[in-house]
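Chemist: Before we start, here is the structure in question, set down as structure tokens.
The values are calculated or read from the model by the stated rules, or taken from the named source; none is laboratory data. Remember, it's a predicted structure, so these values are computed and weren't measured experimentally. With ideal geometry, Cβ positions are generated from the backbone for all residues, glycine too; neighbour counts draw on all protein chains shown. All accessible areas refer to the heavy atoms of the entire protein, side chains included, with ligands and DNA or RNA removed. Shrake-Rupley method; radii C 1.70, N 1.55, O 1.52, S 1.80 Å.
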Amino acid sequence: MKKSFSVLFLVCFVSVSCQEAKQPPYTDVLVLTGSPYQQGFQHGKKLASKIRSLYTTLLETSLMPYLNREQGDVAAFLEEYQKDEYSNGNFSYEMMRRSGRNLFELLEKDHPEFADEMRGVADGSGMSLDKIIVMNTFADTMLAFRSVTFFIKQLQAPRIVQFDFVGSVDSDGVDNNGDGQTDEEDDGTIKRQLPDGSFDTQYQPRPVASMVEVPTDASIRMYLYDPPGLSGFKDPNGEQKPGEEQGMDPESIRIQLDDHLYTYGDPSISTSVWGEDGMGLEVIFTPPDGLPEASVVSLIIQAGNLSRIENPPPVHARFMRDERIVFSTVGYGKKAHEIPNLGSWDGRSMPTSLGFGVRASASLYGAVRLAQHFALLDSNTSHKHTVVLVHKPDNGKVHVTIGWAGIIWGFSGMNEDGLVFMANPSDTLDNPLAGQVKRQVWLAKLLLDGTPIGLSGRDLLENCSNVDDASQTLRADGSTFGWNVILGDKTGELRAVEMDSNILNEDDGGFFQFEPDPSNAQNLDKYGQAFASVGPDDIRMTMHFVKNVPDIDSKILIFDVQPQYFWTSFYYRSLRTWNLLGRKIRQNYGKMDLKGVIDILKSPELIDQNDSMNAVVYEPQKGTLHYAMGQEPATDGEFVTMDLKAVDDE
Amino acid sequence: MVSSTLFVIMLFPDVSWAGFTQTAPENTFIIDQNISFSLLKYRYDNFGNRTTLIDPIERYEPGSGLQGIMIPEAQVSFLVSISMIQYGLLKHLTLAVGIPVVLSTDIDLNLKWIPGDYQNTLGRSYSEDDFWAWANSMGQPKPTDWHGNKGVLSDIILGLRYRFSDDMKWFKKTGVRMSVQLMGALPTSTQADPEEVASAGTTMWDLHSMGELGVHLSLDKDFGDPLQGRVSLGLDLFYEALFEHEYKTPRGTKNPLLLSYSSYVGDTYSLDPGDFSGLALELDVIALYGPALASWLVKGDAGAAAKLPPMVSLLFRYTYTHLGQSDWKSQSAIWDWEREKLWLPGHKNTLFAKMSISLLRVGVPLQLYVAYRNQSWLAGKNCRAADVISGGLVIPAKFW
């Protein structure tokens, strides 16, 4: 008895010292077979819990409440969104649901297989079809919606109207501003090139240096203006809108010169009211120690107006986007287009999504490799719901996509024939939502059309074998937004495609392609440089257009609908990422094996620490992929190898 | 009352004055009324580092960097009344009933804020007020301190202790006593309001100081010369289980962004807390025997008074408690893990000291004591370190 009691005690001790809980897998691998509906049903049934979890934590309690804050701005302009069904916090859900339903109806006609697959996911998971549609279309809708709202904000925000370098710029024997004239009176003014090739003195953001050979004792003068906004600062009754006040706030000035920040009150900054209506501000910045000689210098400018807007909270003024201007100083010697707008890191902006492909001379032993690090929205939840979906359709090619639970597509994938697809968003107002506003003005509804980019990817992976066919499929599907796509195949073909929705029905169709081959003029810019290659066998894309420039430049009603480089907050982040990535590829040219490619993805300066979502390397000739996800950032984890051919054989 | 005073002298005829194996004399009641105040400010993480009860929360605005870091330096206090009655069923077999009533619980969140990155849309970093204005615009109010559990019953405790060594020669010869104790909890407590970010129930899980069913095997040894019987050592081995219970899942009715779980967790979830096991070492010291008066209590017999408990005694105890893994079971393995990772297997190191003053020897049928329990001085692992100060009085009584 005594002995058995001791044994019992021992068992108790042992039993509590084991069974330590383990983190459940944040990445699931699913092999889906059968009809589209059957594939969707298997997906929904297997991942029901994660689908619900992702919907709640990413959409219901994060993104939707966040977008609800935009209702005021949108409803002030578009009547539809003043209706009751959008009230009580339903704005973003209803907006996304209706846009998703619109896309779903188009899919029923053009790609019924994807509509069926979504039905399968809904039935398998027990979630409503509406919610599954929202999950599968929100990325496209959200990005287009974000563009419109961001643009509306920028319309009402201060802006730089003119930017000058003051000093001996007009007597140095150099065409400093690149307008083709030397030492003209305004040679120190950054100029905008108009469609007819002429220049005016309106400030224009640039992907390269805005000025060259600036004297080291130059001062910097900028004219900032606070526009009256969408409908002025007064309501229809002539009353001042709450919190709105036109006019620049000099105390909001922040100037970062390379790594040093100067703010209002610093003796190097002087300000004075400017403009006939007094709503502008002249700012003169004289670097206290002068400018470094023979260098590339970066300036980041920020300013706000006098408004103190309470809705949406917190109380805030209207602020311009951080503008980054790069220039060279006397003795540097390079032309403006040879100096990328890389800039100094501002200490907070994260790199954007990126993708690149290498082959032949760029890659060790000439192997074809394509890589992507997708970063957009993690919210401390997306990375817990990642999925590798292998589709073995009854009719079509076996293919794999890298995505999330409940979503039947991914931003990248590969098929059994070695065709690879990778997509990154590229902000544009050439999107269906802006198109609706153009056509129907204040009666417009924010309804997306076209094929969601991930489903276009599925379409081409299921039906195409090579880059040419895939490219045609992409064009035929139409674009829901601005997308930068890299296509590659096992023959070594690499192609970049920049797409927008072509709401102005321009001849280019909103579809721009280029490849690394420098012998083809279609792949070169006006300076004869490859659009996105450092050599003959590589290509890269981030989140801005390099060929589709300007993506749009028009008017809707009285408003200038500007190109992406004027307003998107991704622009300078993307430029910096793109340039850093190019530098990495150049440094490793000809040496990139699998590890080399992964090492580039793991470069700290290329990793968004907050919103990284997945990282993948595709080897189309081997039919293998290597993915890292399930942690934040994705590249912190090991790259897991999958042999698609082996999966196909199972 | 008359009978109780008459037979007080029989209360401690031949038992030790302290230790794990102490039992109430046959047919005798010992009434113990205790008030405890516990304060919980820290926990020990998986690496044994002292940290805040709730991890700092980094908040990011999509695409705009770090909004700030919210540091909940929460502290939780419980004021608990414990009424315990022991009754000697047999000479060496005692039944005990404990009735814990939580008089109040106070949770002070003490939310601190470290501003994050400069936000170009604001022209400044988020202040704490900025952040909560932002959160409020999305429907999430700032969580507030919580005060509740005013006179709420916890689980009633039943215990049975049997000192089996008294009639065995070897034990008598060596001065060693041994007992076995069983204890169990009746489910009379109240669960916390699931919709509150900060709230506490009165269950054994909330109090986290003992299990719902336990067994103890204990040993005491008195030491005679040269310590003149002033010192006793004790050892207690124990295993206490906490049972699986079902809880309501928050629906987000009060905190829509922080507590909207039910849509993917399910309407209810189960929690099987980790069991406790371990050992305690105890040193009992007689600080002062005090006078033995020939009082009314001993019918004027000073010799009998000398056999009563010493006037001042001290108790020092160290307890090592192994904590088993707590297991959440719901429809979401991810949600379960988010909780389980804070309750991985671990341990607590508890120091306990008590001073008792007995007035029996001077003719007053009363014992008073103060005690202090500390879990924050010695590092533990995956545990909350509650420190408790308590005081009480003990009245022996015999009615037949």
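Chemist: Just tell me how shielded B:120-129 is by partners: mean number of partner chain Cβ atoms within 10 Å of each residue's Cβ, no decimals.
Modeler: Average neighbour count from other chains, rounded to a whole number: 5.
Chemist: Taking the Cα-to-Cβ direction at residue B:127 and at residue B:378 and moving 7 Å from each Cα, how far apart do the two end points lie in nm?
Modeler: 4.7
Chemist: Ignoring solvent entirely, what values of log10 I(q)/I(0) come out of the Debye formula for chain B at 0.10, 0.11 Å⁻¹ when each Cα is a single scatterer?
Modeler: Taken in order of the listed q values, log10 I(q)/I(0) reads -0.75, -0.87.
Chemist: Another question, if that's okay. Quick one: with all protein chains in place, what share of the accessible area of the protein assembly as shown is carbon or sulfur, to the nearest percent (1.4 Å probe)?
Modeler: Of the solvent-accessible surface of the protein assembly as shown, carbon and sulfur hold 55 percent.
Chemist: In whole Hz, with x marking every Gly and Pro, tabulate ³J(HN,Hα) for region B:194-200 from phi via Karplus 6.51 cos²θ - 1.76 cosθ + 1.60, θ = phi - 60°.
Modeler: x, 8, 8, 5, 10, 6, 9
Chemist: Determine, from the Cβ-Cβ distance of residue B:351 and residue A:603 and an R0 of 56 Å, the FRET efficiency 1/(1 + (r/R0)^6), rounded to the nearest 0.05.
Modeler: Once the sixth-power term is evaluated, E becomes 0.65.
Chemist: Among bridges DSSP assigns within the protein assembly as shown, what percent are antiparallel (round to 5)? Don't jump to the answer; show the numbers that get you there.
Modeler: Numbers: 254 of 267 bridges.
Antiparallel bridges make up about 95 percent of those DSSP assigns within the protein assembly as shown.
Chemist: Identify the trypsin sites (Lys or Arg not before Pro) of region A:67-154 meeting these criteria: DSSP loop state and at most 15 other C-beta atoms within 10 Å of the C-beta.
Modeler: The qualifying sites are A:83.
Chemist: Hey, another quick one. When the expected Rg is taken as 2.2 N^0.38 Å, what fraction or multiple of it is the alpha-carbon Rg of region A:158-320?
Modeler: Relative to the 2.2 N^0.38 Å estimate, region A:158-320 comes out at 1.15.
Chemist: Students often get this wrong: which residues of region A:558-575 have the backbone nitrogen under 14 Å from the point 7 angstrom along Cα-to-C-beta of residue A:504?
Modeler: It comes to A:559-566, nothing else.
Chemist: In the structure shown, do any of B:91/B:172; B:173/B:348; A:591/A:622; A:547/A:584; B:41/B:142 have a Cα-Cα gap over 27 Å, and if so which? Don't jump to the answer; show the numbers that get you there.
Modeler: Details: B:91/B:172 16 Å; B:173/B:348 36 Å; A:591/A:622 18 Å; A:547/A:584 22 Å; B:41/B:142 21 Å.
The answer is B:173/B:348.
Chemist: Going by amide H atoms built from the backbone, whose H comes under 5 Å of the H on residue B:327, apart from near neighbours?
Modeler: Long-range HN contacts for residue B:327: B:272, B:274.
Chemist: Length gain on complete extension for the stretch residue A:129 to residue A:334, per 0.36 nm per residue less the alpha carbon to alpha carbon distance?
Modeler: Gain in length upon complete extension: 68.0 nm.
Chemist: Write out the trypsin sites (Lys or Arg not before Pro) in region B:130-175 meeting two conditions: DSSP loop, and at most 11 other Cβ atoms within 10 Å of their Cβ.
Modeler: On the way: sites: B:150, B:161, B:163, B:169, B:172, B:173; in loops: B:150.
Passing both the DSSP loop test and the Cβ count: B:150.
Chemist: Just to confirm, what accessible area per residue do you get for region A:265-304 at 1.4 Å probe, in whole Å²?
Modeler: Here the per-residue accessible area is 45 Å².
Chemist: Given C-alpha coordinates of region A:36-153, what is the ratio Rg to Rh with the Kirkwood estimate of Rh? Can you show the working numbers first?
Modeler: On the way: Rg = 15.1 Å, Rh = 14.9 Å.
That ratio equals 1.01.
Chemist: What residues of region A:48-86 lose no less than 30 Å² of accessible area with every protein chain in place versus their chain by itself (probe 1.4 Å, heavy atoms only)?
Modeler: Buried by the other chains: A:49, A:52, A:53, A:56, A:61, A:65, A:66, A:69.
Chemist: Here is a follow-up. Residue A:30 versus residue B:73, label points 7 Å from Cα toward the beta carbon: distance in nm?
Modeler: 4.7
Chemist: Where does helix B:128-137 land angle-wise versus the long Cα axis of chain B, in degrees 0 to 90, nearest 10?
Modeler: 70
Chemist: Provide, as a two-decimal number, the C-alpha radius of gyration of the protein assembly as shown over 2.2 N^0.38 Å, N being how many residues it has.
Modeler: Numbers: Rg = 37.0 Å, N = 1050, 2.2 N^0.38 = 30.9 Å.
In units of the globular-protein estimate, the protein assembly as shown measures up at 1.20.
Chemist: Same structure, new question: From a point 7 Å beyond the Cα of residue A:23 in the direction of its Cβ, which residues of region A:591-609 have a backbone N at a distance under 17 Å?
Modeler: From region A:591-609, the list is A:609.
Chemist: Once the Cα atoms of helix A:2-16 and of chain A are each reduced to a long axis, what angle between those two axes, in degrees from 0 to 90 to the nearest 10, is obtained?
Modeler: The angle comes out near 40 degrees.
Chemist: How much FRET efficiency would the formula 1/(1 + (r/R0)^6) give for residue A:272 and residue A:361, where r is the Cβ-Cβ distance and R0 is 60 Å, rounded to 0.05?
Modeler: Numbers: r = 56 Å, r/R0 = 0.94.
Result of the calculation: an efficiency of 0.60.
Chemist: Counting each DSSP H run of 4 or more residues in chain B as -39500 (n - 2.57), what helix-only mean residue ellipticity at 222 nm follows after dividing by all residues, to the nearest 500 deg cm²/dmol?
Modeler: -2500 deg cm²/dmol
Chemist: When each pair of different Cα atoms in region A:232-330 is counted once in the 1/r mean, what is the Kirkwood radius in angstroms, to one decimal?
Modeler: Working: mean 1/r = 0.0651 Å⁻¹.
Final number for the Kirkwood radius of region A:232-330 is 15.4 Å.
Chemist: Given a Förster distance of 35 angstrom, what is the FRET efficiency for residue A:294 paired with residue A:636, based on the Cβ-Cβ distance and rounded to 0.05?
Modeler: Working: r = 39 Å, r/R0 = 1.12.
So, using R0 = 35 Å, E works out to roughly 0.35.
Chemist: Once the Cα atoms of helix A:129-155 and of chain A are each reduced to a long axis, what angle between those two axes, in degrees from 0 to 90 to the nearest 10, is obtained?
Modeler: The helix A:129-155 is inclined about 10 degrees to chain A.
Chemist: Another question about this same structure. Show A:338, A:515 ordered by accessible area, largest first, where the area counts protein heavy atoms only and the probe is 1.4 Å. Display every interim value, and only then the final one.
Modeler: Details: A:338 80, A:515 45 Å².
The ranking, largest first, comes out as A:338, A:515.
Chemist: Could you name the lysines in cross-link range of residue A:153, using Cα to Cα under 21 Å and dropping any fewer than eight places away on the same chain?
Modeler: Straight-line reach from residue A:153, under 21 Å: A:234, A:241, A:438, A:445, A:555.
Chemist: While we're looking at this one, here's another question. For residue A:395 and residue A:85, compute 0.36 nm times the residue count separating them, minus their Cα-Cα distance, and round to one decimal in nm.
Modeler: Stretched out fully, the residue A:395 to residue A:85 stretch lengthens by 107.5 nm.
Chemist: For every other residue with a beta carbon closer than 14 angstrom to the beta carbon of residue B:76, add +1 if it is Lys or Arg and -1 if Asp or Glu, then tell me the sum. List each step's numbers first, then the result.
Modeler: Working: positive: B:41, B:43, B:384; negative: B:73, B:106, B:108, B:145, B:196, B:206, B:387.
Here the count lands on -4.
Chemist: With label points built 7 Å along Cα→Cβ from the Cα atoms of residue B:287 and residue A:185, find their separation and express it in nm.
Modeler: So the label points at residue B:287 and residue A:185 sit 9.7 nm apart.
Chemist: Another question, then. Can you tell me the length gained on complete extension of the stretch residue A:108 to residue A:525, counting 0.36 nm per residue apart and subtracting the Cα distance?
Modeler: Value of the extension gain: 146.1 nm.
Chemist: Say we join alpha carbon atoms closer than 10 Å with springs in a Gaussian network model of chain B; which of B:216, B:245, B:347 then has the biggest fluctuation?
Modeler: Greatest mean-square fluctuation among the candidates belongs to B:245.
Chemist: Over region A:36-153, with the other protein chains present, what is the accessible area per residue in square angstrom, probe 1.4 angstrom?
Modeler: Values: 4050 Å² over 118 residues.
Per residue, region A:36-153 has an accessible area of 34 Å².
Chemist: Of the peptides B:36-45, B:109-118, how do they stack up when ordered by the mean number of other Cβ atoms within 10 Å, highest first?
Modeler: Final packing ranking: B:36-45, B:109-118.
Chemist: So, one more: When the accessible area of each residue in region A:302-325 is compared between its chain alone and the complete protein assembly (1.4 Å probe; ligands, DNA and RNA ignored), which residues differ by at least 20 Å², being lower in the assembly?
Modeler: Buried on complex formation: A:302, A:313, A:314, A:315, A:316, A:319.
Chemist: Next up: Mind checking how much accessible area B and A bury in total, 1.4 Å probe, in Å² rounded to 100?
Modeler: Approximately 3600 Å², summed over both chains.
Chemist: List the lysines whose alpha-carbon lies under 27 Å from that of residue A:46, not counting same-chain residues fewer than 8 positions away?
Modeler: Answer for residue A:46, where 27 Å is the Cα cut-off: A:22, A:131, A:384, A:392, A:397, A:645, B:248, B:329, B:341, listed by chain and number.
Chemist: Can you give me the long-range amide H partners of residue A:556? Hydrogens built in the peptide plane at 1.01 Å from N, cutoff under 5 Å, separation of 5 or more residues or another chain.
Modeler: Here the answer is A:561, since their amide H atoms fall under 5 Å of that of residue A:556.
Chemist: Quick check: net charge around residue A:330, other residues with Cβ under 9 Å of its Cβ, Lys/Arg +1 and Asp/Glu -1?
Modeler: Overall, the nearby charge balance is -3.
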